[in-house]
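The values are calculated or read from the model by the stated rules, or taken from the named source; none is laboratory data. Worth saying up front: this structure is predicted, and the values here are computed from it rather than measured. Virtual Cβ from ideal backbone geometry, glycine too; neighbours counted across all protein chains shown. These area figures cover heavy atoms from the full protein model, side chains too; ligands, DNA and RNA do not enter into them. Shrake-Rupley method; radii C 1.70, N 1.55, O 1.52, S 1.80 Å.
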Amino acid sequence: AGKQPDAVWVSYAELLLEARPENDELRLTLIEQLIKLGDYPRARRHLRELEVDETDSLRFYRVELDVLEALASRKGIERPKRLALVERLSRLSRVGLSTELLLRQARYALSLSAPGLAADVYVDLAGREPEKSTEWLGEAARWYLASGQQERAAQLYIDLLEQAETAEQRSQWLDQAFAALRAGDRGEAAVEVLA
């Protein structure tokens with residue numbers, strides 16, 4: 001599943017599935033490859049043919065296909081449709097999703113002008129991957145700022161400041177926390193952070 005999608009592989013997988021339609025693992029891999037190739041109608045058809053119980057991943061693929069088709073539309077996405085897609089993305093359970101799917105969810109949230117949702121996903125990633133938590137929390141803080149949630153961004157910058165291992169990192173997170181608090185009209189708290 002990690003290799004580049006290729007039309008020959010897709011054709012071969014579809015032939016195998018004609019002989020063994022119950023091979024859900026192969027069908028899931030095929031759905032992933034079809035999404036990467038941009039063949040959304042075929043991916044949707046294979047999604048309908050899956051026999052497995054409903055999972056977080058399957059729910060994600062359904063929303064993902066709707067988002068990708070909307071983003072591919074030449075006419076653009078009208079506001080009500082965009083808001084409906086953001087709502088569906090935000091209601092997805094992230095528990096059973098892989099890191100790759102979470103990163104795609106964050107990317108779609110940003111494509112649909114929902115930076116706050118992207119930030120929530122990055123917070124989840126930080127909890128899931130402690131070794132990359134600095135990167136994920138930095139992204140979360142950045143997108144909380146973009147969504148107008150300065151307080152949440154500032155708190156993440158303060159958390160990062162407390163975890164910083166070098167003077168350079170401390171200085172960077174201190175500056176960010178200060179700026180976020182000032183942006184949120186929290187001048188006193190900003191001064192306390194500096195102190």
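Among the protein heavy atoms of the chain, carbon and sulfur supply 49% of the accessible surface, probe 1.4 Å, non-protein parts ignored.
Highest average first, the peptides 143-151, 181-189 ordered by how many other beta carbon atoms sit within 10 Å of their residues are 143-151, 181-189.
One decimal place: the segment ALA72-GLU168 gains 30.4 nm when fully extended, by the rule 0.36 nm per residue minus the C-alpha distance.
Normalised Debye scattering of the stretch 13-91 at q = 0.11, 0.17 Å⁻¹ gives log10 I(q)/I(0) of -0.32, -0.69, counting only Cα atoms as equal scatterers and leaving out solvent.
Counting charges near SER113 (Lys, Arg +1; Asp, Glu -1) among other residues having Cβ under 10 Å from its Cβ returns a value of +2.
On a per residue basis, the stretch 1-54 carries 64 Å² of accessible surface, using protein heavy atoms and a 1.4 Å probe.
In loop segments of the stretch 25-103 as defined by DSSP, the GluC sites (Glu not before Pro) with at most 14 further C-beta atoms inside 10 Å of their C-beta are GLU51, GLU54, GLU78. Taking all Cα-Cα distances within the stretch 25-181, those exceeding 29 Å account for 28%.
Per residue, how much accessible surface does the stretch 101-152 expose to a 1.4 Å probe? Answer in Å², no decimals.
Solvent-accessible surface per residue comes out at 42 Å².
Note on the chain: helix-only mean residue ellipticity at 222 nm, from DSSP H runs of 4+ residues weighted -39500 (n - 2.57) and normalised by residue number, equals -24000 deg cm²/dmol. Loop-resident trypsin sites (Lys or Arg not before Pro) (DSSP state other than H, G, I, E or B) in the stretch 10-88 with no more than 14 further Cβ atoms inside 10 Å of their Cβ: ARG74, LYS75. The modelled label-to-label distance between GLU14 and GLU192, using points 7 Å beyond Cα along the C-beta direction, is 6.2 nm.
Translational diffusion of the stretch 107-185, estimated by Stokes-Einstein from the Kirkwood radius over alpha carbon pairs at 20 °C in a medium of 1.002 mPa s, is 173 µm² per second. Compared with the direct C-alpha span, the chain from LEU50 to SER98 gains 15.4 nm at full extension, assuming 0.36 nm per residue.
Viscosity 0.890 mPa s, temperature 25 °C: give me the Stokes-Einstein translational D for the stretch 96-152 in µm²/s, with Rh taken as the Kirkwood radius over C-alpha pairs. All intermediate terms of the calculation are to be shown ahead of the outcome.
On the way: Rh = 11.0 Å.
Translational D for this selection: 224 µm²/s.
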